[in-house]
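What follows is one structure encoded as C-alpha coordinates, with my remarks underneath.
The values are calculated or read from the model by the stated rules, or taken from the named source; none is laboratory data. This is a predicted model, so every value here is computed, not measured. Every residue, glycine as well, gets a Cβ built from its backbone with ideal geometry; the counts of neighbours run over all protein chains shown.
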Ligand SMILES: [Zn+2]
(Lines give C-alpha, C1' and ligand atoms only; values in the text may rest on other atoms or scores of the structure.)
Protein backbone atom coordinates (compact mmCIF):
# COMPACT_ATOMS: atom_id res chain seq x y z
CA UNK A 1 0.00 0.00 0.00
CA UNK A 2 2.78 2.37 1.00
CA UNK A 3 4.55 1.35 -2.18
CA UNK A 4 1.43 2.15 -4.21
CA UNK A 5 1.10 5.55 -2.60
CA UNK A 6 4.73 6.46 -3.28
CA UNK A 7 4.42 5.26 -6.83
CA UNK A 8 1.36 7.46 -7.26
CA UNK A 9 3.29 10.38 -5.79
CA UNK A 10 6.09 9.72 -8.26
CA UNK A 11 3.63 9.63 -11.13
CA UNK A 12 2.19 12.96 -9.99
CA UNK A 13 5.70 14.43 -9.72
CA UNK A 14 6.56 13.27 -13.22
CA UNK A 15 3.26 14.66 -14.46
CA UNK A 16 4.05 18.04 -12.95
CA UNK A 17 7.49 18.01 -14.51
CA UNK A 18 5.99 17.22 -17.89
CA UNK A 19 3.46 20.03 -17.49
CA UNK A 20 6.09 22.60 -16.60
CA UNK A 21 9.53 21.40 -17.62
CA UNK A 22 12.27 22.73 -15.36
CA UNK A 23 9.87 25.01 -13.56
CA UNK A 24 8.55 24.36 -10.08
CA UNK A 25 6.53 27.00 -8.27
CA UNK A 26 5.85 27.42 -4.53
CA UNK A 27 3.12 29.58 -3.01
CA UNK A 28 5.24 32.76 -3.05
CA UNK A 29 7.19 33.86 -6.06
CA UNK A 30 10.04 31.47 -5.31
CA UNK A 31 10.71 29.75 -8.60
CA UNK A 32 13.34 27.32 -9.85
CA UNK A 33 13.88 28.47 -13.43
CA UNK A 34 16.23 25.78 -14.61
CA UNK A 35 18.67 23.12 -13.46
CA UNK A 36 21.01 20.76 -15.22
CA UNK A 37 24.10 18.55 -14.88
CA UNK A 38 26.90 18.50 -17.42
CA UNK A 39 29.29 15.55 -17.65
CA UNK A 40 32.97 16.30 -18.15
CA UNK A 41 34.23 12.73 -18.20
CA UNK A 42 36.19 11.51 -16.27
CA UNK A 43 37.08 14.49 -14.09
CA UNK A 44 33.93 16.44 -13.35
CA UNK A 45 30.19 16.54 -13.02
CA UNK A 46 28.99 20.16 -13.22
CA UNK A 47 25.68 20.98 -11.59
CA UNK A 48 23.90 24.28 -12.07
CA UNK A 49 20.63 25.83 -10.99
CA UNK A 50 18.93 29.17 -11.50
CA UNK A 51 16.17 30.41 -9.23
CA UNK A 52 14.37 33.63 -8.39
CA UNK A 53 11.98 34.99 -5.79
CA UNK A 54 10.45 38.30 -4.70
CA UNK A 55 12.48 38.07 -1.49
CA UNK A 56 16.08 36.98 -0.96
CA UNK A 57 16.90 33.36 -1.64
CA UNK A 58 18.77 32.20 1.44
CA UNK A 59 19.53 28.50 1.16
CA UNK A 60 20.43 26.28 -1.79
CA UNK A 61 21.41 22.65 -1.46
CA UNK A 62 22.26 19.97 -3.97
CA UNK A 63 21.42 16.38 -3.03
CA UNK A 64 22.70 13.36 -4.90
CA UNK A 65 22.82 9.57 -4.70
CA UNK A 66 25.27 7.45 -6.69
CA UNK A 67 23.67 4.35 -8.23
CA UNK A 68 25.69 1.43 -6.84
CA UNK A 69 25.16 -1.49 -4.52
CA UNK A 70 25.39 -0.44 -0.89
CA UNK A 71 23.92 -1.48 2.42
CA UNK A 72 22.46 1.89 3.30
CA UNK A 73 21.35 4.51 0.80
CA UNK A 74 23.83 7.34 1.07
CA UNK A 75 22.57 10.77 0.04
CA UNK A 76 25.24 13.42 -0.26
CA UNK A 77 24.29 17.00 0.46
CA UNK A 78 26.17 20.06 -0.80
CA UNK A 79 25.55 23.50 0.72
CA UNK A 80 26.01 26.14 -1.95
CA UNK A 81 27.79 29.23 -0.64
CA UNK A 82 26.33 32.47 -1.92
CA UNK A 83 25.22 35.91 -0.76
CA UNK A 84 21.41 36.03 -0.36
CA UNK A 85 19.84 37.63 -3.46
CA UNK A 86 16.49 37.50 -5.27
CA UNK A 87 17.92 36.00 -8.47
CA UNK A 88 20.66 33.41 -8.25
CA UNK A 89 22.73 31.20 -10.54
CA UNK A 90 24.20 28.42 -8.44
CA UNK A 91 26.97 26.17 -9.68
CA UNK A 92 28.79 23.28 -8.10
CA UNK A 93 31.34 20.98 -9.68
CA UNK A 94 31.92 17.50 -8.32
CA UNK A 95 35.67 17.29 -8.81
CA UNK A 96 36.46 13.58 -9.08
CA UNK A 97 40.19 14.29 -8.83
CA UNK A 98 39.59 15.06 -5.18
CA UNK A 99 37.15 12.26 -4.37
CA UNK A 100 38.07 9.44 -6.72
CA UNK A 101 36.21 8.79 -9.93
CA UNK A 102 33.09 7.08 -11.15
CA UNK A 103 33.29 4.44 -13.87
CA UNK A 104 31.95 5.07 -17.37
CA UNK A 105 28.24 4.30 -17.53
CA UNK A 106 27.60 4.92 -13.84
CA UNK A 107 24.75 7.20 -12.90
CA UNK A 108 23.85 9.73 -10.25
CA UNK A 109 20.39 10.84 -9.18
CA UNK A 110 20.19 14.42 -7.95
CA UNK A 111 17.74 17.09 -6.86
CA UNK A 112 17.89 20.59 -5.42
CA UNK A 113 16.26 22.29 -2.47
CA UNK A 114 15.89 26.08 -2.46
CA UNK A 115 14.59 28.30 0.34
CA UNK A 116 13.86 32.00 0.51
CA UNK A 117 13.63 34.52 3.37
CA UNK A 118 9.83 34.14 3.59
CA UNK A 119 10.32 30.48 4.49
CA UNK A 120 9.13 29.12 1.16
CA UNK A 121 10.93 25.99 0.07
CA UNK A 122 11.11 24.11 -3.22
CA UNK A 123 12.40 20.61 -3.77
CA UNK A 124 12.92 19.81 -7.43
CA UNK A 125 12.01 16.46 -8.94
CA UNK A 126 14.93 14.01 -8.92
CA UNK A 127 16.82 13.66 -12.19
CA UNK A 128 19.20 10.89 -13.21
CA UNK A 129 22.40 11.92 -14.95
CA UNK A 130 24.48 9.26 -16.74
CA UNK A 131 28.21 9.67 -16.27
CA UNK A 132 29.04 8.42 -19.75
CA UNK A 133 32.40 8.66 -21.44
CA UNK A 134 31.09 10.98 -24.13
CA UNK A 135 34.53 11.41 -25.71
CA UNK A 136 33.76 8.34 -27.83
CA UNK A 137 30.76 7.16 -29.88
CA UNK A 138 29.79 3.89 -28.32
CA UNK A 139 27.96 1.01 -30.01
CA UNK A 140 26.35 -1.70 -27.92
CA UNK A 141 25.59 -5.40 -28.12
CA UNK A 142 23.52 -7.31 -25.53
CA UNK A 143 23.22 -11.03 -24.91
CA UNK A 144 21.55 -12.28 -21.74
CA UNK A 145 22.71 -10.13 -18.85
CA UNK A 146 25.88 -8.94 -20.60
CA UNK A 147 26.11 -5.74 -22.65
CA UNK A 148 29.29 -4.85 -24.50
CA UNK A 149 29.99 -1.22 -25.40
CA UNK A 150 32.72 -0.48 -27.91
CA UNK A 151 33.76 2.24 -30.34
CA UNK A 152 36.62 0.79 -32.42
CA UNK A 153 36.33 -2.30 -34.58
CA UNK A 154 33.27 -3.64 -36.35
CA UNK A 155 30.32 -5.61 -35.05
CA UNK A 156 32.06 -8.95 -35.54
CA UNK A 157 34.75 -7.76 -33.09
CA UNK A 158 32.07 -7.15 -30.47
CA UNK A 159 30.45 -10.48 -31.29
CA UNK A 160 33.76 -12.25 -30.67
CA UNK A 161 34.15 -10.45 -27.34
CA UNK A 162 30.59 -11.42 -26.43
CA UNK A 163 31.27 -15.09 -27.22
CA UNK A 164 34.36 -14.90 -24.99
CA UNK A 165 32.35 -13.33 -22.17
CA UNK A 166 29.63 -15.99 -22.39
CA UNK A 167 32.20 -18.82 -22.49
CA UNK A 168 33.96 -17.37 -19.46
CA UNK A 169 30.66 -17.28 -17.56
CA UNK A 170 30.02 -20.92 -18.53
CA UNK A 171 33.48 -21.98 -17.32
CA UNK A 172 33.07 -20.06 -14.08
CA UNK A 173 29.71 -21.71 -13.49
CA UNK A 174 31.07 -25.17 -14.28
CA UNK A 175 34.05 -24.75 -11.90
CA UNK A 176 32.48 -22.86 -9.00
CA UNK A 177 28.70 -22.81 -9.45
CA UNK A 178 28.80 -19.00 -9.49
CA UNK A 179 26.64 -17.20 -12.02
CA UNK A 180 25.92 -13.66 -13.12
CA UNK A 181 22.86 -12.49 -11.24
CA UNK A 182 22.61 -8.81 -12.14
CA UNK A 183 23.42 -7.13 -15.48
CA UNK A 184 27.07 -6.59 -16.39
CA UNK A 185 28.22 -3.79 -18.69
CA UNK A 186 31.60 -4.05 -20.39
CA UNK A 187 33.20 -0.90 -21.78
CA UNK A 188 35.83 -1.90 -24.30
CA UNK A 189 38.38 0.86 -24.92
CA UNK A 190 40.50 0.63 -28.05
CA UNK A 191 43.78 0.37 -26.13
CA UNK A 192 45.39 0.79 -22.72
CA UNK A 193 46.02 4.53 -23.22
CA UNK A 194 42.36 5.24 -23.95
CA UNK A 195 41.41 3.24 -20.88
CA UNK A 196 43.87 5.15 -18.71
CA UNK A 197 42.36 8.36 -20.03
CA UNK A 198 39.06 7.21 -18.55
CA UNK A 199 40.50 6.84 -15.08
CA UNK A 200 41.17 9.47 -12.48
CA UNK A 201 44.19 7.76 -10.97
CA UNK A 202 45.48 5.56 -13.78
CA UNK A 203 48.20 3.10 -12.94
CA UNK A 204 50.90 1.97 -15.28
CA UNK A 205 49.71 -1.63 -15.40
CA UNK A 206 45.98 -0.99 -15.66
CA UNK A 207 44.71 -3.07 -18.57
CA UNK A 208 41.28 -3.61 -17.10
CA UNK A 209 39.20 -2.92 -14.04
CA UNK A 210 36.01 -4.28 -12.52
CA UNK A 211 33.85 -1.76 -10.68
CA UNK A 212 31.95 -4.46 -8.87
CA UNK A 213 29.42 -2.32 -7.00
CA UNK A 214 28.39 -0.67 -10.27
CA UNK A 215 28.21 -3.85 -12.35
CA UNK A 216 30.67 -2.21 -14.75
CA UNK A 217 33.93 -3.39 -16.33
CA UNK A 218 36.35 -1.27 -18.34
CA UNK A 219 39.08 -2.93 -20.42
CA UNK A 220 41.42 -1.74 -23.17
CA UNK A 221 41.37 -4.28 -26.01
CA UNK A 222 42.65 -3.50 -29.49
CA UNK A 223 40.83 -5.42 -32.24
CA UNK A 224 44.15 -7.20 -32.98
CA UNK A 225 44.83 -8.33 -29.40
CA UNK A 226 41.91 -10.66 -28.91
CA UNK A 227 43.79 -13.41 -27.12
CA UNK A 228 44.88 -10.96 -24.41
CA UNK A 229 41.33 -9.60 -24.38
CA UNK A 230 39.85 -13.03 -23.85
CA UNK A 231 41.80 -13.46 -20.62
CA UNK A 232 41.08 -9.92 -19.45
CA UNK A 233 37.33 -10.32 -20.02
CA UNK A 234 37.26 -13.65 -18.17
CA UNK A 235 39.27 -12.18 -15.29
CA UNK A 236 37.25 -9.00 -14.74
CA UNK A 237 33.89 -10.66 -15.36
CA UNK A 238 34.76 -13.23 -12.70
CA UNK A 239 35.51 -10.47 -10.19
CA UNK A 240 32.09 -8.99 -10.95
CA UNK A 241 30.23 -12.29 -10.50
CA UNK A 242 32.13 -13.28 -7.35
CA UNK A 243 31.53 -9.89 -5.75
CA UNK A 244 27.83 -9.96 -6.68
CA UNK A 245 27.59 -13.39 -5.09
CA UNK A 246 29.44 -12.72 -1.87
CA UNK A 247 28.87 -9.04 -1.12
CA UNK A 248 27.81 -8.54 2.46
CA UNK A 249 28.03 -5.86 5.10
CA UNK A 250 30.39 -7.77 7.37
CA UNK A 251 33.48 -8.81 5.49
CA UNK A 252 35.45 -9.30 2.30
CA UNK A 253 36.84 -12.31 0.54
CA UNK A 254 40.48 -13.24 1.05
CA UNK A 255 42.36 -11.73 -1.90
CA UNK A 256 43.86 -15.08 -2.95
CA UNK A 257 40.34 -16.50 -3.44
CA UNK A 258 39.05 -13.50 -5.39
CA UNK A 259 42.13 -13.26 -7.64
CA UNK A 260 42.59 -17.03 -7.79
CA UNK A 261 39.10 -17.69 -9.18
CA UNK A 262 39.56 -14.81 -11.66
CA UNK A 263 42.88 -16.33 -12.82
CA UNK A 264 41.40 -19.82 -12.94
CA UNK A 265 38.53 -18.70 -15.19
CA UNK A 266 41.10 -17.21 -17.59
CA UNK A 267 42.37 -20.73 -18.33
CA UNK A 268 45.79 -22.36 -17.89
CA UNK A 269 48.35 -20.45 -15.84
CA UNK A 270 50.48 -18.33 -18.20
CA UNK A 271 54.16 -19.36 -18.59
CA UNK A 272 55.54 -16.24 -16.83
CA UNK A 273 53.44 -16.97 -13.74
CA UNK A 274 54.30 -20.67 -13.84
CA UNK A 275 58.02 -19.82 -13.93
CA UNK A 276 57.72 -17.66 -10.82
CA UNK A 277 55.73 -20.32 -9.03
CA UNK A 278 58.27 -23.02 -9.88
CA UNK A 279 61.14 -20.76 -8.80
CA UNK A 280 59.48 -20.04 -5.45
CA UNK A 281 58.87 -23.75 -4.85
CA UNK A 282 62.49 -24.68 -5.54
CA UNK A 283 63.84 -21.74 -3.53
CA UNK A 284 61.32 -22.36 -0.75
CA UNK A 285 60.13 -18.76 -0.94
CA UNK A 286 56.39 -19.35 -1.30
CA UNK A 287 54.14 -16.74 0.30
CA UNK A 288 51.86 -17.93 3.12
CA UNK A 289 48.10 -18.21 2.59
CA UNK A 290 47.72 -15.80 5.52
CA UNK A 291 49.75 -13.12 3.68
CA UNK A 292 47.89 -13.75 0.41
CA UNK A 293 44.62 -12.96 2.16
CA UNK A 294 45.57 -9.26 2.31
CA UNK A 295 46.27 -6.97 -0.68
CA UNK A 296 49.24 -8.16 -2.72
CA UNK A 297 52.71 -6.62 -2.76
CA UNK A 298 53.23 -3.79 -5.23
CA UNK A 299 56.63 -5.22 -6.22
CA UNK A 300 56.38 -6.84 -9.63
CA UNK A 301 57.97 -10.21 -8.77
CA UNK A 302 56.08 -10.63 -5.50
CA UNK A 303 52.89 -9.55 -7.23
CA UNK A 304 53.32 -12.09 -10.06
CA UNK A 305 54.03 -14.81 -7.53
CA UNK A 306 50.97 -13.80 -5.50
CA UNK A 307 48.72 -14.18 -8.55
CA UNK A 308 50.37 -17.47 -9.52
CA UNK A 309 49.91 -18.88 -6.01
CA UNK A 310 46.30 -17.69 -5.89
CA UNK A 311 45.59 -19.52 -9.14
CA UNK A 312 47.26 -22.63 -7.77
CA UNK A 313 45.37 -22.50 -4.44
CA UNK A 314 42.03 -22.30 -6.27
CA UNK A 315 43.10 -25.02 -8.70
CA UNK A 316 44.00 -27.19 -5.70
CA UNK A 317 40.61 -26.63 -4.04
CA UNK A 318 38.57 -27.18 -7.20
CA UNK A 319 40.44 -30.26 -8.47
CA UNK A 320 40.56 -31.96 -5.06
CA UNK A 321 37.23 -31.01 -3.51
CA UNK A 322 35.02 -30.08 -6.48
CA UNK A 323 32.58 -27.42 -7.61
CA UNK A 324 29.97 -27.92 -4.87
CA UNK A 325 32.50 -27.18 -2.10
CA UNK A 326 33.69 -24.03 -3.86
CA UNK A 327 30.10 -22.84 -4.18
CA UNK A 328 29.56 -23.62 -0.50
CA UNK A 329 32.69 -21.60 0.36
CA UNK A 330 31.40 -18.59 -1.60
CA UNK A 331 27.98 -18.87 0.04
CA UNK A 332 29.63 -19.10 3.46
CA UNK A 333 31.54 -15.88 2.77
CA UNK A 334 28.27 -14.23 1.78
CA UNK A 335 27.10 -14.80 5.37
CA UNK A 336 30.03 -12.67 6.50
CA UNK A 337 32.32 -15.40 7.83
CA UNK A 338 35.96 -14.96 8.87
CA UNK A 339 38.52 -16.56 6.55
CA UNK A 340 39.48 -19.33 8.94
CA UNK A 341 35.91 -20.15 9.94
CA UNK A 342 34.68 -20.35 6.34
CA UNK A 343 37.47 -22.75 5.32
CA UNK A 344 37.03 -24.79 8.47
CA UNK A 345 33.28 -25.12 7.92
CA UNK A 346 33.49 -26.14 4.26
CA UNK A 347 36.78 -28.05 4.02
CA UNK A 348 37.60 -28.91 7.61
CA UNK A 349 40.90 -26.97 7.67
CA UNK A 350 41.81 -23.34 8.36
CA UNK A 351 44.23 -21.09 6.45
CA UNK A 352 47.31 -22.73 8.00
CA UNK A 353 45.87 -26.15 7.21
CA UNK A 354 45.24 -25.10 3.61
CA UNK A 355 48.77 -23.71 3.45
CA UNK A 356 50.31 -27.04 4.53
CA UNK A 357 48.14 -29.23 2.26
CA UNK A 358 48.60 -26.95 -0.75
CA UNK A 359 52.41 -26.70 -0.33
CA UNK A 360 52.61 -30.44 -0.37
CA UNK A 361 50.34 -30.63 -3.45
CA UNK A 362 52.12 -27.94 -5.47
CA UNK A 363 55.58 -29.26 -4.61
CA UNK A 364 54.64 -32.68 -5.94
CA UNK A 365 52.93 -31.10 -8.98
CA UNK A 366 56.05 -29.16 -9.97
CA UNK A 367 58.58 -31.91 -9.36
CA UNK A 368 60.58 -32.93 -12.41
CA UNK A 369 59.02 -36.04 -13.99
CA UNK A 370 61.84 -38.48 -13.04
CA UNK A 371 61.54 -37.65 -9.32
CA UNK A 372 57.79 -38.23 -9.13
ZN1 LIG B 1 42.04 -9.36 -10.51
Taking only pairs six or more apart or across chains, which ones have beta-carbon atoms under 6 Å, a first residue in the stretch 197-211 that is within 20 Å of residue 135 (Cα to Cα) and modelled with pLDDT of 90 or more, and a second residue that is part of a loop (DSSP other than H, G, I, E, B) and within 13 Å of the ligand (Cβ to nearest atom)?
none
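Yes/no matrix, rows are residues, columns are (1) in contact (Cβ under 8 Å) with a residue 40 or more places away in the chain; (2) within 16 Å of the ligand (Cβ to nearest atom); (3) touching a helix residue (DSSP H, G or I) at 6+ places or on another chain (Cβ under 7 Å); (4) at positive phi:
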| site | (1), (2), (3), (4) |
| --- | --- |
| 289 | yes, no, yes, no |
| 306 | yes, yes, yes, no |
| 320 | yes, no, no, no |
| 325 | no, no, yes, no |
| 334 | yes, no, yes, no |
Please determine, by comparing only the residues of the stretch 257-271 that are part of a helix (DSSP H, G or I) and more than 11 Å from the ligand (Cβ to nearest atom), which one is nearest to residue 296 (Cα to Cα).
257
Criterion violated by residue 134 - all others in (1) surrounded by 15 or more Cβ atoms within 10 Å (Cβ to Cβ); (2) assigned to a loop (DSSP other than H, G, I, E, B) satisfied
(1)
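Under the condition of being within 18 Å of the chain's Cα centre (by Cα) and free of Cβ contacts under 8 Å to residues at least 60 places away in the same chain, which residue from the stretch 247-256 is farthest from the ligand (Cβ to nearest atom)?
By that ranking, first place goes to 252.
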Members of the stretch 222-246 found to be more than 16 Å from the ligand (Cβ to nearest atom) and either in contact (Cβ under 8 Å) with a residue 12 or more places away in the chain or crowded, with 23+ Cβ neighbours inside 10 Å (or both), listed by number:
222, 223, 226
